[in-house]
Amino acid sequence: MKLAGKNIARSEIMLHAIFWLSWVVSFTLIQSLGFGVDEYFIWFMYYIVTLPVFMVHTYLIAYLLIPQTFFRGSYFLFAFALFVFLIVFSIIELVISNELIFKPFDSSRVFAPNYLNIKNIIISGIGNHYIILVFLAIKAGRSWYTAKTKQEDLMQSNMETELEIYRYQLQPILILSLMEELEKISQAKEAHTPNMIIKISNFLNRFLYEGDDELIPLQLEIKIIEEFLEIHKLGLGDRLISNFFVSGHLKSYLVPPFLLLPFLNDAIKLGYSCNESFESTVLIKGEKKYLLFSFSFWSEKQFGLTGNKNAEVTRKRLNYSFPGKFRIIENIDDNFREFSIELFH
């Protein structure tokens, strides 16, 4: 933590040093352009010698006066202190430039004896405020950018946390669902129980350990879906007609794990809760720059399967991994539901 603080402090010091060095060099060139070497020397000496005056004046306004008065609504005090600073630092700048720069190095620029009059002081002070305005503009821009970046980082962190929680919530939900179905199978079809246990064990091994990354190979995702459907095909028997179609170029794709499992689980749970027959179709098709995930669930009779939070969370997951490169299509009817994901590369 201390090291991070030191690095931030060093970077701030470097930025300020670059700002003031750029100011000295650029205005030396502007003031001297088209003249001889002596002119460059005079103006360079002027900006170097008066640099502490401008720096103190600028920092007092930027880091003391504005935060302590303007930001707190003390506008009259701010205006009064600003005017006082203008007078004081204008006098200092005039005296230093006349006594330490112009008299020793260029007598032609020496001010008249009464140069410290109110008119010259105010004119010089106002003229010197350009560097303060430039500094404040850069500071405001940096503050805005920093605040915006922090807000985006916070939103990103919140999104990552939400998606991580969703994934860890999905695991116990699916495991509980499988255990419930295993219990029902053991009671109704005792002969299928050993095979069911083997299939659930193989599925959970992949589900809990191999699908733990942010992105997994598409072929692993296909294997997980296939094993999940086999479990429920065994459990539901003839009541579930399961179609699973995979085609195209699949090896190069990485996808967020368990994209379709929540929808498959919701649909198949409905099959266990009633005595109706259902048909499910999973289609995964890969092309060079296009990937399609499609799941449909159909029955001759009406069923109560409706949209749920899984669709919204899936949208967030895809937006996190493939921002602007996906499309979700969802169709819901009394006896039909279709959910499709299109990924574009």
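Read the figures in this text as sums done on the coordinates, not as results from a lab. Worth saying up front: this structure is predicted, and the values here are computed from it rather than measured. Virtual Cβ from ideal backbone geometry, glycine too; neighbours counted across all protein chains shown.
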Given (1) 0.97; (2) 1.06; (3) 1.34 as possible values of Rg/Rh (Cα atoms, Kirkwood Rh), the one from the coordinates is (3)
Label point distance in nm, residue 68-residue 226, each placed 7 Å from Cα along Cα→Cβ: 7.3
Net charge, residue 147 excluded, C-beta distance under 14 Å - Lys, Arg +1, Asp, Glu -1: +2
For the range 179-271, using Cα atoms only, the Rg and Dmax in Å read 14.1, 44
If you plug each phi of the range 66-75 into the Karplus form 6.51 cos²θ - 1.76 cosθ + 1.60 with θ = phi - 60°, what whole-Hz ³J(HN,Hα) values come out, in order, with x for Gly and Pro? 5, x, 7, 10, 4, 5, 9, x, 8, 5
Past 19 Å, Cα to Cα: identify those pairs from 148/325; 285/325; 288/309; 285/316; 189/233; 251/309, in the order given. 148/325; 288/309; 285/316; 251/309
Exposure-ranked with fewest Cβ neighbours within 10 Å first, 119, 223 stand as 119, 223
Per-residue Cβ contact counts at 10 Å, fewest first, order 337, 72, 315, 239 as 72, 315, 239, 337
For the range 2-116: Kirkwood Rh in Å [reciprocal of mean 1/r, alpha carbons]: 16.6
Under a Cβ-Cβ cut-off of 14 Å, what is the net charge of the residues other than residue 257 that fall near it, where Lys and Arg count +1 and Asp and Glu count -1? -3
Unit charges on C-beta of K, R, D, E only; dipole of the range 156-245, Debye: 460
Where is the GNM fluctuation largest for the chain (alpha-carbon springs, 10 angstrom cutoff): 14, 159, 196? 14
Explain nothing, just the number: relative contact order of the chain, from Cα pairs under 8 Å at least 6 residues apart, as a whole percent. 10
Build a GNM of the chain with springs between Cα atoms under 10 Å: which of 260, 236, 64 gets the top mean-square fluctuation? 64
FRET efficiency, 1/(1 + (r/R0)^6) with R0 45 Å, evaluated for residue 138 and residue 254 via beta carbons: 0.60
Helix-only CD estimate at 222 nm, as mean residue ellipticity for the chain, using -39500 (n - 2.57) per DSSP H run (n ≥ 4): -21000 deg cm²/dmol
Modelled label-to-label distance, residue 175 and residue 209, 7 Å Cα→beta-carbon offset: nm? 1.4
Surrounding charge for residue 233, neighbours by C-beta under 14 angstrom, Lys/Arg +1, Asp/Glu -1, total -3
Can you bin the range 99-206 into rounded, prolate or oblate? Criterion: square roots of the alpha carbon gyration tensor eigenvalues sorted a ≥ b ≥ c, rounded for a/c under 1.5, prolate for a/b above b/c, oblate for the rest. prolate
Just for the Cα atoms in the range 239-279, what are the lengths along the principal axes, largest first, rounded to whole Å? 41, 19, 7
For the range 152-344 (alpha-carbon point model, no solvent) the Debye-based log₁₀ I(q)/I(0) at q = 0.08, 0.11, 0.13 Å⁻¹ works out to -0.26, -0.50, -0.71
